[in-house]
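Working notes for the structure below.
The values are calculated or read from the model by the stated rules, or taken from the named source; none is laboratory data. These numbers were taken from a predicted model, which means no experiment stands behind them. Here Cβ is always computed from backbone atoms with ideal geometry, including for glycine, and neighbour counts include all displayed protein chains. Heads up: the accessible areas ignore ligands, DNA and RNA and are worked out on the full protein's heavy atoms, side chains in. Shrake-Rupley method; radii C 1.70, N 1.55, O 1.52, S 1.80 Å.
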Amino acid sequence: RVDIFEMDDAVGGLMRTEKRNGFLFDIGPHIFFKDHAEEYQNLIGNDFHNIKALYGIGFERKDIISPIRPLNLIKNLGIRRSIPLVWDVLQHKLNRDNEDMTVIDTAEKWVINNFGKEVYRCFFKDYILKVMGLPPTMVSKDWGTERHKFYKEHNLWQKSSKFLLSFLFNKESKGGYLDVYYPEHGAQQIPDAMCEQIKKYGGKIHLRSVAKRIEMRAGKVTAMVIKKDDGEEKIEVE
């Protein structure tokens, strides 16, 4: 039983879905992995679908398939632009044993440690800032470790090796398809369903509530003071 205070007019933050002319548009990319599929299935039932998704990155006005495919990268960026990326990853992998692993304490260092400086500069530096609202130097390394399952698929060295082996042995390369899940009616269906569960068990959802002060007594929250257009409002919580 909880109280949710949300400054916007809907819960979810970036997990929001806008409806326009019969189409659904997610605010930000969202995919769901099988690790917690059962919990999501319990929330929205048969609206939670297993799909094969082709993920992409917008870079220099080109669509780069991700996890990165060497041929797609070369086709979109050209050999001159692509080779430095591949070469940087290769050099990074060969020199990785000489790195001091104890100093990896930010998202920037985590990405560079896993993918190299060029991949970080081209694909992750601006992305982390956009998603997190903070520069990568101010974001914890946990940003990377929590997303390791997904971002390890962006390892250009691994993808290049697999591509080469597939080419040599004449085997079909499945490229960048991800085995993921997605809600029938967009990403916002998940937080909406969570809110319904919260209310079902006696919790409350306070929308358009910008927190100004939290009042506590004996280690427990007793009230939330929120900003209103005409002043403040104090909401007692149990």
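Residue by residue, here is whether (1) farther than 17 Å from D192 by Cβ; (2) open to solvent by less than 30 Å² (accessible area, probe 1.4 Å) holds:
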site	(1), (2)
I27	no, no
H30	no, no
A37	yes, yes
Y40	no, no
G58	yes, no
If you scan the range 1-38, which residues turn out to be more than 15 Å from A187 (Cβ to Cβ) and free of Cβ contacts under 8 Å to residues at least 40 places away in the same chain? R20, N21, G22, E38
On the given criteria, is M194 under 29 Å from I44 (Cβ atoms) and either open to solvent by 70 Å² or more (accessible area, probe 1.4 Å) or touching a residue at least 40 places away in the same chain (Cβ under 8 Å) (or both)? yes
Verdict on G144 being of a type outside the set (D, E, K, R), modelled with pLDDT of 75 or more and exposed (fewer than 14 other Cβ atoms within 10 Å of the Cβ): no
From the list V11, V2, which residue is in contact with a Gly (Cβ under 6 Å, 6 or more places away or on another chain), open to solvent by less than 80 Å² (accessible area, probe 1.4 Å) and among the aliphatic types (A, V, I, L, M)? V2
Flagged in the range 203-238 as touching an Asp or Glu at 6+ places or on another chain (Cβ under 9 Å) and part of a loop (DSSP other than H, G, I, E, B), in numbering order, are G203, L207, R208, S209, V237, E238
